[in-house]
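Chemist: This is the structure I want to talk about, given as structure tokens.
Computed from the coordinates by the stated procedures, all read-outs in this text should not be read as laboratory data. Please read these numbers as outputs of a predicted model, since none were measured by experiment. Note that each Cβ is placed from the backbone with ideal geometry, even for glycine, and that neighbours are counted across all protein chains shown.
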Amino acid sequence: MKYTTDYGYEIKPVYGPGDLKGLEYERDLGDPGRFPYTRGYHANGYRGRMWTRRMTAGLGSSRDANKVLKKYREMGQTGGMCVIHDRVSSSCIDADHPRARHENGVLGWPGSSLLEFEELMEDIPLTGQSITVLGCCAPASLRLAYVVALADKRGIDMSEVHGSVTESPFSNPFGQTDLQPFDLDMKLFLDASEYVVQNNIRMRAGVVGQHFQESGGNNAQALAIELSMLKEVCSRLVNERGLTFDEAMRVPYQLVSIGSRFFEEVAKVRALRRMWARMAKEHFGAKSEKSCQLLIAVHTSGRTMTYQQPLNNIARCAIQTLAGAMVGCTAIDNATLDNAYAEPSPLAARMSLNTQHIVAVETGVADVVDPLAGSYFVESLTNEVEAAAYRILEEIDALGGLVAAIETGRIGAMLKNEANIKFRELNLKERLVVGVNHLVIPPEEEMFEIPVQSIEVSGSEAIATRMAEWKKTRDMAPIRASVRRLYADAKKGDRFNLMPAIIEAVKAYATAGEIIGVIRLARGLIYDPFAVIQCPFELN
Amino acid sequence: MIGLDSHTTGAEVVATLLRDAGFEVVYLGTNQTPPMIVNAALEEDADVIGISSHASNFTLIEELMREVKEQGLTDVSVVCGGNIPPKQVQKLLALGVAKIFLPGSPGDAIVEYLAGRERRR
């Protein structure tokens, strides 16, 4: 067994006052609600507002996902909903694309048109809960357009809608690809961000550290990457779009992954709050205190959910949820016992949501803000992970920032190396995982066969066929007009905001494949990233 | 990687493991179709086709098996790894997949198995 953190810091058997020499309460911790916000943003903690307890949805057709969302509401998911795209709509191709036919509705929601969003949201309110939709950067501009269009149709003022549907372009290099070039993703992200700021829309953009960590990154690396992603997107919003820093900070929220190494996870998030607050003030010269308070949502780690003895995952999920709750986050969507098999079954979803409810109302951990503060061990770990992350951050800065560091291959190599280390540690049993490399049982001794949700090929095909048939029934005149405008706008350079044209096209029921395809053409790329289908429109 | 799945960590870790063990590995990356994989296996004169799968895309593996048969690649084994539910495991083995490595498979087991699969030349 190794007594080290995942970033290699040697853990001592006991911690005491000597380990916190030099720690100054006001400077380094501060009361909750006071800079540098190590202890959180609200003096009252969860007493004012409990964290949003939500569960990721998305499998099968939009109508299937709608039923699941309604079921989740019955299970007490009322503060906010969270849906993830399938791989087809994440890739900005349509369900009837030849490459899509067997993958529609697999691992997510087939959200490539406003029609799909309308079906997803049928009888579900757009207000009174946060609307979160995840799944890559390029389709995110469409997601924002869906929300704007549906609010419009329902006669709801957009100022009453809140949540997060857009996403930073850094999902691509960290394992959630949308097949689009990075510069196009960055442009679309900046357009959407500028649009929400200028129109006073309370929709945030996910800056997703989770992808990096779930691909194998360690806690210190994840912290450094999270901060450097935020630094990059805020700098661009200020320098390239002329927003003030305080305006720019209305855009991002950070989605962090929390695993089972309880104290290390708590330390990581506390360090993130402190490091961001300092970066906001010292690097960006934040004028508003709000800009120093990074909104943090937690995803408990899907990677730690084992295939073997899946019921063990209930225990893992509970430990991770407890860490997420104790560290004081805004929202948690937790992994499920069947995470290694499929999207959550109703049983697994209820278990996970109930895990959150149990932590929230039965344990008492939500009664007190930052209950682990002052622990010699937790404060030491917070300092250690911060120091290790600053070292990586300096290295990234020296390479010219995160985009440059990715281009040199440094970040990819770091991630790959770390994934190999984790695999080796498991192989050598330096890290033990019950049921996987420790206390393994033969498959026939599995006492309980979990129900596994899946979508049949016929289901994927049906989504494809519906898309193809529906396309023929659309009123084509407004679609043609809107994509021509979009094409013309997309030729006006990166600084010209495409959101109004995208919203018009979405409202006319143009699809993801069509909208992103036309933007691609305007930028000199081919319409279809797979070079299989042709643009169906005359654009000049 | 078959289909649109982009969970590459497992495939890349196994590719590194095999290279370190002295195998020649041609990692095709993401967004591969069954015909693309079979063509690559033909071009590279591969002994084994390895597919990494993350709880999805099983129908594409089934298509791959048909493609392998149609192209007459009878002496090439198809090996899969990843989060594959037990029901699918049975189905894929019945279709001729030679071996499935589930999550948590020790590196040595993968290396030893593949060492035994090399075609005698």
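Chemist: Taking a cut-off of 19 Å between Cα atoms, list the aspartates and glutamates near A:LYS472, but don't count ones fewer than 8 places away on the same chain.
Modeler: Candidates past the 8-residue exclusion: A:ASP94, A:ASP96, A:GLU116, A:GLU118, A:GLU119, A:GLU461, A:GLU514, A:GLU538.
Chemist: Under the classification rounded if a/c is under 1.5, otherwise prolate if a/b is larger than b/c and oblate if not, where does segment A:273-395 fall, given a ≥ b ≥ c as square roots of the Cα gyration tensor eigenvalues?
Modeler: Here segment A:273-395 falls in the prolate category.
Chemist: Oh, and also: Net charge around A:ARG34, counting only other residues with Cβ within less than 12 Å of its Cβ (Lys, Arg = +1; Asp, Glu = -1)?
Modeler: -1
Chemist: How long are the semi-axes of the ellipsoid equivalent to segment A:30-151, from square roots of 5 times the Cα gyration tensor eigenvalues, in whole Å, largest first?
Modeler: Calculated on Cα positions only, the semi-axes equal 32, 17, 13 Å.
Chemist: Would you mind pulling out the separation of the Cα centroids of segment A:1-51 and segment A:81-106, in Å?
Modeler: 41 Å
Chemist: Most exposed first by the Cβ proxy, i.e. fewest other Cβ within 10 Å, how do A:TRP51, A:TRP470 rank?
Modeler: A:TRP470, A:TRP51
Chemist: Then there is this: Just from its helices, what would the mean residue ellipticity at 222 nm be for chain A, if runs of 4 or more DSSP H residues each count -39500 (n - 2.57) and the sum is divided by every residue, rounded to the nearest 500 deg cm²/dmol?
Modeler: Calculated from helices alone, the mean residue ellipticity at 222 nm is -14000 deg cm²/dmol.
Chemist: Another question about this same structure. Of the listed peptides A:18-29, A:202-213, what is their order by residue-averaged count of other C-beta atoms within 10 Å, with the highest listed first?
Modeler: The densest-packed peptide leads the list: A:202-213, A:18-29.
Chemist: Using a ≥ b ≥ c from the Cα gyration tensor of segment A:470-540 (square roots of the eigenvalues), is it rounded, prolate or oblate, where a/c under 1.5 gives rounded and otherwise the larger of a/b and b/c decides, a/b for prolate?
Modeler: Oblate shape, in that a/c is at least 1.5 and b/c is the bigger or equal ratio.
Chemist: Sticking with this one: Can you compute the charge dipole magnitude of the protein assembly as shown about its Cα centre, using +1 on each Lys and Arg Cβ and -1 on each Asp and Glu Cβ, nothing else charged? Give it in debye, rounded to the nearest 20.
Modeler: Value, rounded to 20: 1080 debye.
Chemist: Count, for each residue of B:7-16, the Cβ atoms from other chains sitting within 10 Å of its Cβ, then give me the mean as a whole number.
Modeler: Partner Cβ neighbours, averaged per residue: 5.
Chemist: Next up: Ranked from highest to lowest mean number of other Cβ atoms within 10 Å per residue, what is the order of the peptides A:336-349, A:308-321?
Modeler: Sorting A:336-349, A:308-321 by mean packing, highest first, produces A:336-349, A:308-321.
Chemist: Per residue of segment A:58-65, what does 6.51 cos²θ - 1.76 cosθ + 1.60 with θ = phi - 60° give for ³J(HN,Hα)? Whole Hz please, x for Gly and Pro, Karplus curve as stated.
Modeler: Karplus values, whole Hz, x for Gly and Pro: x, 6, x, 7, 5, 5, 4, 5.
Chemist: Could you work out the mean count of beta carbons from other protein chains within 10 Å of each residue's beta carbon in A:160-168?
Modeler: 0
Chemist: Using amide H atoms built in the peptide plane, which far-off residues or other-chain residues are under 5 Å from B:PHE101 H to H?
Modeler: Amide H neighbours of B:PHE101, under 5 Å, 5+ apart: B:CYS80, B:GLY81, B:GLY82.
Chemist: Order of A:PHE423, B:PHE23, A:PHE170 from fewest to most other C-beta atoms within 10 Å?
Modeler: B:PHE23, A:PHE423, A:PHE170
Chemist: Report, to the nearest 10°, how far helix A:219-239 tilts away from the longest principal axis of the Cα atoms in chain A, using its own Cα long axis and a range of 0 to 90°.
Modeler: For A:219-239 against chain A, the angle is about 50 degrees.
Chemist: A further question on this structure: In percent, how large is the relative contact order of chain B, given Cα pairs closer than 8 Å and 6 or more residues apart?
Modeler: Contact order relative to length: 26 percent.
Chemist: For the protein assembly as shown, evaluate the Debye formula with one uniform point scatterer on each Cα (no solvent term) and list log10 I(q)/I(0) at q = 0.06 Å⁻¹, rounded to two decimals.
Modeler: Once normalised to I(0) and log-transformed, intensities are -0.32.
Chemist: How do the peptides A:132-139, A:71-78 rank, highest first, by the average count of neighbouring beta carbon atoms within 10 Å per residue?
Modeler: Highest-to-lowest ranking by the protection proxy: A:132-139, A:71-78.
Chemist: What order do you get for A:THR304, B:THR74 when you list them from fewest to most C-beta neighbours inside 10 Å?
Modeler: Final ranking by Cβ density, sparse to dense: B:THR74, A:THR304.
Chemist: Using θ = phi - 60° and the Karplus form 6.51 cos²θ - 1.76 cosθ + 1.60, what ³J(HN,Hα) does each residue of segment B:44-50 get, whole Hz, x for Gly and Pro?
Modeler: So the Karplus estimates, Gly and Pro as x, are 8, 6, 6, 8, 9, 9, x Hz.
Chemist: Would you be so kind as to identify which of A:SER90, B:PRO85, A:PHE284 lies farthest towards the positive end of the dipole of the protein assembly as shown, taking Lys and Arg as +1 and Asp and Glu as -1 on Cβ and the Cα centre as origin?
Modeler: Value: A:PHE284.
Chemist: Still on this structure: Straight distance only, please: which lysines reach the Cα of A:LYS2 with their own Cα at less than 20 Å, same-chain residues fewer than 8 apart left out?
Modeler: List returned: A:LYS12, A:LYS268, A:LYS422, A:LYS429.
Chemist: Across peptide A:333-344, what mean number of C-beta atoms from other chains lies inside 10 Å of a residue's C-beta?
Modeler: Averaged over the peptide's residues, the number is 2.
Chemist: Which of rounded, prolate, oblate describes segment A:331-370, given a ≥ b ≥ c as roots of the alpha-carbon gyration tensor eigenvalues and a/c under 1.5 marking rounded, otherwise prolate only if a/b is larger than b/c?
Modeler: prolate
Chemist: Hey, what do the phi angles of segment A:265-276 turn into as Karplus ³J(HN,Hα) couplings, whole Hz, using 6.51/-1.76/1.60 and θ = phi - 60°, x for Gly and Pro?
Modeler: Each residue's phi maps through the Karplus curve to give 5, 4, 4, 4, 6, 5, 5, 4, 4, 5, 5, 5 Hz.
Chemist: Compute the angle between helix A:182-198 and the longest alpha-carbon principal axis of chain A, please, reported from 0 to 90 degrees and rounded to the nearest 10.
Modeler: Between the helix axis and the principal axis of chain A, the angle is about 90 degrees.
Chemist: Which of A:LEU322, A:SER301, A:ALA271 sits farthest toward the positive end of the charge dipole of segment A:259-353, with +1 on the Cβ of Lys and Arg and -1 on the Cβ of Asp and Glu?
Modeler: A:ALA271
Chemist: Here's something else I'd like to know. Calculate how steeply helix A:138-154 sits against the longest principal axis of the alpha-carbon atoms of chain A, using the helix alpha-carbon long axis, and give the answer as 0 to 90 degrees to the nearest 10.
Modeler: That helix lies at roughly 70 degrees to the long axis.
Chemist: Shifting gears a bit: What are the lysines whose alpha-carbon lies under 24 Å from the alpha-carbon of A:LYS187, with same-chain residues fewer than 8 places away excluded?
Modeler: The reachable lysines, counting only those whose Cα sits under 24 Å from A:LYS187, are A:LYS231, A:LYS491, A:LYS492, A:LYS507.
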